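A.B. asks: Got a structure for you, questions after.
The values are calculated or read from the model by the stated rules, or taken from the named source; none is laboratory data. Treat the numbers as computed from the prediction; the structure is a model and nothing was measured. Cβ coordinates were reconstructed from backbone atoms using ideal geometry, including for glycine residues, and neighbour counts include every protein chain displayed. To get the accessible areas, we keep the full protein, side chains included, count just its heavy atoms, and leave off ligands, DNA and RNA. Shrake-Rupley method; radii C 1.70, N 1.55, O 1.52, S 1.80 Å.
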Amino acid sequence: MTSEIDFFSLHNTINHITEEDKNQPLHYLEAIKAFVRISSNSVYVVDYKQKEFEYVSENSLFLCGRSAREVKKLGYAFYFKHVIPEDQDLLFKINTVGFDFYDKLPVEERISHTISYDFHLKNLDNKVVLINQKLTPLYLTDEGKLWKAICFTSLSSAKTSGNIKIYKHRSNKLFEYDMTDSFWKTITKVKLTNREKEILRFSIKGYTISEIADTIFVSPNTVKFHRHKLFSKFKVSTVSEAIAYATNNDLIV
């Protein structure tokens, strides 16, 4: 039977923290809290030494109707209460393959990688929502173990759970886990033209097609043409889905 402890890989067991390590995170939570205040992002911080949530933001998307204090106290038991049963094994799989991948990276590159995945959460009213989580290191120990990590939660643009991907910062390649054959494959990120990026940025700001056209001095039909190209590349059918896809796949620049 699985338990909360199974979320923590044996490869990443941290037995001690050096004095140098302890000096790393001074006051860093205050910076994260400030970021949350101005962005309204759903954020939590994991401490892999203590095997607990060190910080949980007040955001209804991730909390499933609970308070941040409740979720922080529950720790990883939260997932047993709010992840639908068919996705719980998926989360353990993500944990295993993610740490196996991470363990093979050169120590100096570990801080630059982010893992992304999708799963279903169920709130206290039994409403189910598909969310995306992105988790990236905050601090490593002097041995290169993952000590603290920050996770961002948002609505998923995918149709199903899974979609396990690892991104390297400032790289046009990403690694996607093949759930059927159990291996990591390297793929290239979707490439956007400058015009597509421009239209995407204005769409994120809430501009209509006409407003975008007036701002960049093109016709509304030209904006529609480029938006349809974006939809085709992302395999989505609405602006909100395109924005979610671009956000979840680190394409917004």
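A.B. asks: How many percent of all Cα-Cα pairs in the chain sit more than 32 Å apart?
C.D. replies: Numbers: 8640 of 31878 pairs.
Pairs farther apart than 32 Å: 27 percent.
A.B. asks: Taking K and R as +1 and D and E as -1, what net charge do the other residues with C-beta under 9 Å from the C-beta of Ile187 add up to?
C.D. replies: Details: positive: Lys165, Lys173, Lys185, Lys189; negative: Glu176.
Net local charge, Ile187 excluded: +3.
A.B. asks: Okay, helix-only estimate at 222 nm for the chain: each DSSP H run of n ≥ 4 adds -39500 (n - 2.57), divide by all residues, round to 500 deg cm²/dmol; what do you get? If you can, show how the numbers build up before the last one.
C.D. replies: Values: 10 runs with 96 residues, N = 253.
That calculation yields -11000 deg cm²/dmol at 222 nm.
A.B. asks: Separate question: Using a ≥ b ≥ c from the Cα gyration tensor of segment 1-40 (square roots of the eigenvalues), is it rounded, prolate or oblate, where a/c under 1.5 gives rounded and otherwise the larger of a/b and b/c decides, a/b for prolate? Provide the component values of the computation, followed by the final result.
C.D. replies: Numbers: a/c = 4.68, a/b = 1.38, b/c = 3.39.
Cα axes put segment 1-40 in the oblate bin.
A.B. asks: How many angstrom separate the Cα center of segment 134-193 from the Cα center of segment 216-241?
C.D. replies: So the two Cα centres are separated by 26 Å.
A.B. asks: For segment 122-164, which semi-axes, largest first and in whole Å, follow from the square roots of 5 times the eigenvalues of its Cα gyration tensor?
C.D. replies: Taking √(5λ) for each eigenvalue gives 29, 13, 8 Å, largest first.
A.B. asks: Let me ask something additional. Find the Rg to Rh ratio for segment 115-253, where Rh is the Kirkwood radius over alpha-carbon pairs and Rg uses the same atoms. Display every interim value, and only then the final one.
C.D. replies: Details: Rg = 17.6 Å, Rh = 17.0 Å.
Reported Rg/Rh, Kirkwood definition of Rh: 1.04.
A.B. asks: Heavy atoms only, 1.4 Å probe, whole protein assembly: order Glu86, Glu30 by accessible area, highest first. Kindly include the intermediate steps, with their values, before the conclusion.
C.D. replies: Details: Glu86 130, Glu30 105 Å².
From most accessible down to least: Glu86, Glu30.
A.B. asks: For the chain, with every protein chain kept in place, what is the accessible area per residue (1.4 Å probe, Å²)? Don't jump to the answer; show the numbers that get you there.
C.D. replies: On the way: 13750 Å² over 253 residues.
Per residue, the chain has an accessible area of 54 Å².
A.B. asks: Label segment 14-129 by shape, choosing from rounded, prolate and oblate, from the square roots a ≥ b ≥ c of the eigenvalues of the Cα gyration tensor; if a/c is under 1.5 it is rounded, and otherwise prolate applies when a/b is larger than b/c, oblate when it is not.
C.D. replies: Numbers: a/c = 1.90, a/b = 1.27, b/c = 1.50.
Since a/c reaches 1.5 but b/c is at least a/b, the shape of segment 14-129 is classed as oblate.
A.B. asks: Could you let me know the centre-to-centre spacing of segment 1-15 and segment 18-81, using Cα atoms, in angstrom?
C.D. replies: 18
A.B. asks: With a/c under 1.5 counting as rounded, go ahead and sort segment 1-73 into rounded, prolate or oblate using the C-alpha gyration tensor (a ≥ b ≥ c being the square roots of the eigenvalues; past the cut-off, prolate if a/b is larger than b/c, else oblate).
C.D. replies: Numbers: a/c = 2.91, a/b = 1.20, b/c = 2.41.
It comes out oblate by the Cα gyration axes.
A.B. asks: Give the Kirkwood hydrodynamic radius (Å, one decimal) of segment 76-196, defined as one over the mean of 1/r across all pairs of different Cα atoms.
C.D. replies: Hydrodynamic radius (Kirkwood, Cα pairs) of segment 76-196 is 15.7 Å.
A.B. asks: Any lysines with Cα under 24 Å of the Lys104 Cα? List them, leaving off those in the same chain fewer than 8 positions away.
C.D. replies: Partners within reach: Lys49, Lys51, Lys93, Lys134, Lys145, Lys148, Lys165, Lys168, Lys173, Lys185, Lys189.
A.B. asks: Ignoring any ligand, DNA or RNA, what whole percent of the accessible area of the chain comes from carbon and sulfur when the probe is 1.4 angstrom? Don't skip to the end; give the middle numbers.
C.D. replies: Working: 7080 of 13750 Å².
Result for the chain: 52 percent of the exposed heavy-atom area is carbon or sulfur.
A.B. asks: Would you mind putting 132-138, 70-76 in packing order, based on average other-beta-carbon counts within 10 Å, highest first?
C.D. replies: Working: 132-138: 19.3, 70-76: 17.1.
Descending mean neighbour count gives 132-138, 70-76.
A.B. asks: Connecting C-alpha atoms closer than 10 Å in a GNM of the chain, tell me which of Ala68, Ala34, Ala77 has the biggest fluctuation.
C.D. replies: Looking only at Ala68, Ala34, Ala77, the largest GNM fluctuation is found for Ala34.
A.B. asks: Give me the percent relative contact order of the chain, please, defined on Cα pairs under 8 angstrom at least 6 residues apart. Could you put the intermediate results ahead of the total?
C.D. replies: Working: 370 pairs, mean separation 39.3, N = 253.
So the answer I get is 16 percent.
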